[in-house]
Each structure stands twice: as C-alpha cells, then as structure tokens.
Amino acid sequence: MMRTKSSILLTSVVITIKTGLHPIQLANIYGPNKTNKREPFFAQVLKSLKPNIDVVLAGDFNMVLDASLDRTGNPHSDHV
C-alpha cells in the first residue's frame, strides 16, 4: 500500500511517500533568483522536511557555487 502526503510552499512541492515500512520525501523546488529571498526560502523548505526520513531534493536552486566556472555575463551577479 502506498500513502502520500504533500505540502506546497510558494514554489516548492514536498511529497512524502510510504511504501511498505520505508517512507521517502520527494521535494521539487524553484529557488528565488533574488539573493535576499533565498535564505528565508530555503529555511522554510528545510522546515517542511521531516527529520529522519530520506529525501530526494531536485529542482532549480537559482544559484551557483562558483560564478567563475558556472556563469557568463554580469560579473557582479550574486552567487553562493
């Protein structure tokens, strides 16, 4: 038997699926492209995840780890 529970947070969806005895969380997000909105957004996403349950997190985070490797264009753009 498979049971699901989902929550929607602005531009994210978190679904918890339980098959048998092992639940798993599937999360798909679209992160904000404005730097000042990222921290609150990701903090809320983390709050929506249940501890001690495996999670698959996918989506568009709208950020890069190294702007010199991952971006072209505006050198003054923000990055992690």
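The values are calculated or read from the model by the stated rules, or taken from the named source; none is laboratory data. Every value quoted in this text rests on a predicted model; they were computed, and no experiment measured them. Because the Cβ atoms are built from the backbone with ideal geometry, glycine has one as well, and the counts that use them run over all protein chains shown. For the accessible areas, the whole protein counts, side chains as well, though only heavy atoms, and no ligand, DNA or RNA atoms are used. Shrake-Rupley method; radii C 1.70, N 1.55, O 1.52, S 1.80 Å.
Could you list all residues from region 18-39 that are of a type in the set (V, I, T), surrounded by fewer than 15 Cβ atoms within 10 Å (Cβ to Cβ) and modelled with pLDDT of 90 or more?
Within region 18-39, just I24 meets the criteria.
Starting from region 47-71, keep only residues that are free of Cβ contacts under 8 Å to residues at least 40 places away in the same chain, then list their pairs with residues that are hydroxyl-bearing (S, T, Y) and not in a strand (DSSP E or B) whose Cβ atoms are within a distance under 7 Å, requiring at least 6 positions of separation or different chains.
Close Cβ pairs (under 7 Å, with a partner that is hydroxyl-bearing (S, T, Y) and not in a strand (DSSP E or B)) amount to A67/S77; R71/S77.
Which residues, taken from region 40-56, are open to solvent by less than 80 Å² (accessible area, probe 1.4 Å) and among the aliphatic types (A, V, I, L, M)?
If the condition is that a residue be open to solvent by less than 80 Å² (accessible area, probe 1.4 Å) and among the aliphatic types (A, V, I, L, M), then A43, V45, L49, I53, V55, V56 are the ones that fit.
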